Every structure is written in C-alpha cells, then in structure tokens.
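Worksheet: the structure to be examined is printed underneath.
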Amino acid sequence: GRAWQSMAGSRFRYYMVFQSKDLNLPGAVQFDKFCDLMKNL
C-alpha cells in the first residue's frame, strides 16, 4: 500500500479498503469507514 501511495503523488490519495475484515494493517480501513470518509469530503 505504501508503494502505491507514494506513486500516486501529492494530488491523489490511495486507500487500502477491505470489505469486511479488520486486518490491523497500518493505514487500512474497512469499507463502511471508507464510505463515511468519502461522504465527509
């Protein structure tokens, strides 16, 4: 995920989103939390 994030550049954001599992990965979010983030933009 960090490699993709660094390649995206400063104008874009990269998110690791998992549908239902909480894998405890740094920076990863579950789908429902990601949807909430997008709603609040």
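Tally the residues that are farther than 20 Å from L41 by Cβ and of a type in the set (S, T, N, Q), restricting the search to the range 3-28. Residues in the range 3-28 being farther than 20 Å from L41 by Cβ and of a type in the set (S, T, N, Q): 4 in total. For the range 12-41, the set of residues classified as part of a loop (DSSP other than H, G, I, E, B) and either surrounded by 11 or more Cβ atoms within 10 Å (Cβ to Cβ) or aliphatic (A, V, I, L, M) (or both) consists of Y14, Y15, L23, L25, L41, listed by residue number. Residue by residue through the range 1-27, note down the ones that are at pLDDT 75 or above, within 18 Å of L37 (Cβ to Cβ) and of a type in the set (A, V, I, L, M). Answer for the range 1-27, where residues must be at pLDDT 75 or above, within 18 Å of L37 (Cβ to Cβ) and of a type in the set (A, V, I, L, M): A8, M16, V17, L25.
The values are calculated or read from the model by the stated rules, or taken from the named source; none is laboratory data. Quantities reported herein were computed from a predicted structural model and do not represent experimental measurements. Virtual Cβ from ideal backbone geometry, glycine too; neighbours counted across all protein chains shown.
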